[in-house]
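Structure record follows, encoded as structure tokens.
Quick note: the coordinates plus some simple rules give every number you see, no bench work behind them. What you see is a predicted model, and the numbers here were worked out from it, not measured in a lab. Backbone-built Cβ (ideal geometry, glycine too); neighbour counts: all protein chains shown.
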Amino acid sequence: MPAARPSKRASTPLPGRSVRGSTTGRPIMALLDLLGRRWVQRIIWELRGDALSFRALRTACDDISPSVLNARLADLRTAGLVESTEDGYSLTADGQSLLKLMLPLHEWAERWARRMR
């Protein structure tokens, strides 16, 4: 039996929907809108390793408020980037793929930080 897909939250930026920067919901604009939401990138980053419980994820995100964490997890689940498992929250295959695209930015930021010292 296939896993149940989360309902499509009307507020979650998705391709084909009107989003910030695009009334037609161009895929890149939907992604940038989603990634531009407060805490989304941090949540993806903190889920780069093993699955984390809600509490552990909240702690990893500097004690983000539970309501904001719930809302962002719902957005990320609707977008197919995060899933809830027996072990907690983890990145889906699409979430892992997005994380791999973020890793070069992390490396660049580390080099930049060294130059700025």
Anisotropy class of the chain from Cα gyration tensor, a/c 1.5 cut: oblate
Alpha-carbon centroids, segment 19-51 and segment 93-117: separation in whole Å: 15
Within a Gaussian network of the chain (alpha carbon springs, distance under 10 Å), most fluctuating of Pro15, Pro104, Pro27: Pro104
Size of electric dipole in segment 1-113: Cβ of Lys, Arg +1 and of Asp, Glu -1, about Cα centre, debye, nearest 20: 540
Comparing Ser67, Ser22, Ser90, which has the greatest mean-square fluctuation in the GNM of the chain with Cα pairs linked when under 10 Å apart? Ser67
Specify the residue with the greatest mean-square fluctuation among Asp62, Asp33, Asp75, computed from a Gaussian network of the chain linking alpha-carbon atoms under 10 Å apart. Asp62
Can you list which of the GluC sites (Glu not before Pro) found in segment 17-117 are DSSP loop residues with at most 16 other C-beta atoms within 10 Å? Glu86
